[in-house]
Amino acid sequence: MRRTLRVILIVLAVFVVLVLVAPFLIPVNQFRPTIEEKASAALGRKVDVGNLSLSLFTGSLAADNLSIADDPKYSKSPFLTAKSVKVGVELLPLIMSKDLKITGITIDSPEVTLIRSAGGEWNYSSFGASAAKSQAKQPSGNEFTVQKLALTNGRINIGSTSSQKRSIYDKVNLTASNVSLTTQFPVTLTAALPGGGDLKLDGTVGPLDEANTALTPVNAKLTINNLNLATTGFLDPSAGLGGMLDLNATIASQKGEAHVGGNAKLSKALLVAGGSPASVPVNVSFNTRYDLRKNAGVLEPSTLKIGNAVAHLSGTYEVPADSIVVHIKVEGENLPAKDLEAFLPALGVNMPSGASLQGGTLNTHLEVSGPTDKLVTSGNVGMFNAKLAHFDLGSKLTTISNLVGVKTGSDLDIEKMTTDLHMSPNGLQTQNINAIVPSLGTLVGSGTIDAKNNLDFKMAATLKNAIGGAAGAAGSAATGAASNALGGLLGKVTGGAAGNTAGGILGGCKNASGGGPTIPFQIKGTTKDPKFIPDVGGVAAGMLKSQLGCFGGGAQSKASPQQQQQPNPNNPIDAIGGLFKKKKP
């Protein structure tokens, strides 16, 4: 027993001595040229490794640094650098016959720079392509293979030849097994995203495309969590735009065409300066076809969902070197207006304080175009049979309601409201607003909401018959009533006589179209606190000109444009309206 124990101790001692002494006895640096040569041939780039050391415990060679050259068309700086690299080897062949057989490669803290040219090619497009072509012609068993390849705690810098700006991805970890240039092999990639969030790609890659590495087939699942778009360049952070993206997608590329489909969720969206993050997410189910050679793709019929509101998407996109440019159509019919209300702040639109949308539907026909960091949306939107609860338009039109007796109630019913719109990161513009409000009449106009959420709208309300009739009756009550009603706005400027004349006109005339008078006004303030301001000159001119049907309006309408522009001092309409025109300096 003692003898057996003694033998075991001697063997252990010899093993320890061997482990400690052998690395100093084996001149491992003599393998450095072989390693550099094989790696350079496999990658098609010059590879340099630092001083080598041998560890029998781990069965690996270690180099204190690693550098892989870039394609000289892109940069003179290295494509990859690393603080250290470990190369797993088979020990017996190495010790007994000095034969180097690599089993694995682990690169620690690498920094990789990916650069794209104006033509769309990447600096890794030629990576390993020549070796893949030559090995495809060699007999089986002679090709370059690695049982395990790993990159740990790396950094990737992505940019273009036309800009010094780089997007940085940290904590990059990659593992691949049975790596070969001529066969398919599994890969898992994880990374921390700029501004927070993380990415994971899990699937298979290969065989390496012999002409362009960027066209190598990929079949993988891509998962992105909590990507802050304001930090990626997809949206313009200088304008305060942003949002948080979650993505689950599948990628299948073959022969230069990639099919990408899945689901994306955009939370806390902010799409115009002056807006505020939406409190509801946008969910998109998408399918795209992407041409890797042309760097352009097609968005096949997809859906966009906010609550129960579902719109349909289709279009095209291009991916030039520095951005993504889209041309997307958004079509929606009978979208529940209430479901869209919580998303409106992202577009710079807020409900008036205390008010909310109740019921109604929305139709949209929009085109979204331009770079993703400066998107422009144009088209038309219509809202039908909606109610703006807890919003008394009549009380907002205080000055005007004193004149014409507008009463709309505590809730505003909207039978129809349509407009053409143009939205950019700087704000929202609307044209051809046309609204039918049963309690008031019709509203037309246009305006803007700027980056500070300020309103600047010029509107005109044509009152319905009942209200118009009340205004006419008030005017026919003779001079005192007219002076009280109209004189409040006009008396200080025109005097009682003009007020009496205006009252007589209102009392004795009907709108040529059969409706009531037309009242021009402005909307200032913000969407949360709109201010309705009467257009002093416009109120008089608008109300009087709406009565042209009983003052020779028909004859005037047949006159030439030049004749129509000339005021007639004998016409009370022109005489009174002219009193409110600003004098030229």
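Let me make sure I get this right: for the stretch 273-370, a, b and c are the square roots of the gyration tensor eigenvalues over alpha carbons, sorted descending. Under 1.5 in a/c it's rounded, otherwise prolate if a/b > b/c, else oblate. Which is it? Judged from the Cα gyration tensor, the stretch 273-370 comes out prolate (a/c at least 1.5, a/b above b/c). One quarter of the convex hull surface built on the alpha carbon atoms of the stretch 313-392 amounts to 6.0 nm², the projected area averaged over directions. Checking the table Lys171/Lys294; Lys387/Lys531; Lys86/Lys171 against a 23 Å threshold on Cα-Cα, which pairs fail? Flagged as over cut-off: Lys171/Lys294. Percent of C-alpha pairs per 10 Å bin in the stretch 262-306, short distances first: 24, 35, 30, 10. Note: relative contact order over the stretch 156-232, using C-alpha pairs below 8 Å and six or more positions apart, is 23 percent. What the stretch 159-251 shows is 46 Å² of accessible area per residue, with the surface traced by a 1.4 Å probe over protein heavy atoms. Within straight-line reach of Lys396, meaning a Cα separation under 20 Å, sit the following aspartates and glutamates at least 8 residues removed in sequence or on another chain: Asp411, Asp413, Glu415, Asp456, Asp529, Asp535.
A simple count of charges around Gly297, restricted to other residues whose Cβ falls under 12 Å of its Cβ and scoring Lys, Arg +1 and Asp, Glu -1, yields -1.
For the stretch 207-299, pairs of C-alpha atoms spaced more than 22 angstrom apart make up 42 percent of the total.
Think of each Lys and Arg Cβ as +1 and each Asp and Glu Cβ as -1; about the Cα centre, that makes the dipole of the stretch 243-302 roughly 100 debye.
Defining a contact as two alpha carbons under 8 Å apart and six or more residues distant in sequence, what relative contact order in percent does the stretch 219-359 show?
Values: 333 pairs, mean separation 24.7, N = 141.
Averaging sequence separation for qualifying contacts and normalising by length gives 18 percent for the stretch 219-359.
Rounded to the nearest 10 square angstrom, Lys221 shows an accessible area of 110 square angstrom against a 1.4 Å probe.
The values are calculated or read from the model by the stated rules, or taken from the named source; none is laboratory data. What you see is a predicted model; the values in this text were computed from it and never measured. Ideal geometry is used to build each Cβ from the backbone, glycine not excepted, and the neighbour counts take in all protein chains shown. Each accessible area value is taken on the protein alone, full model and side chains, heavy atoms only, with ligands, DNA and RNA left out. Shrake-Rupley method; radii C 1.70, N 1.55, O 1.52, S 1.80 Å.
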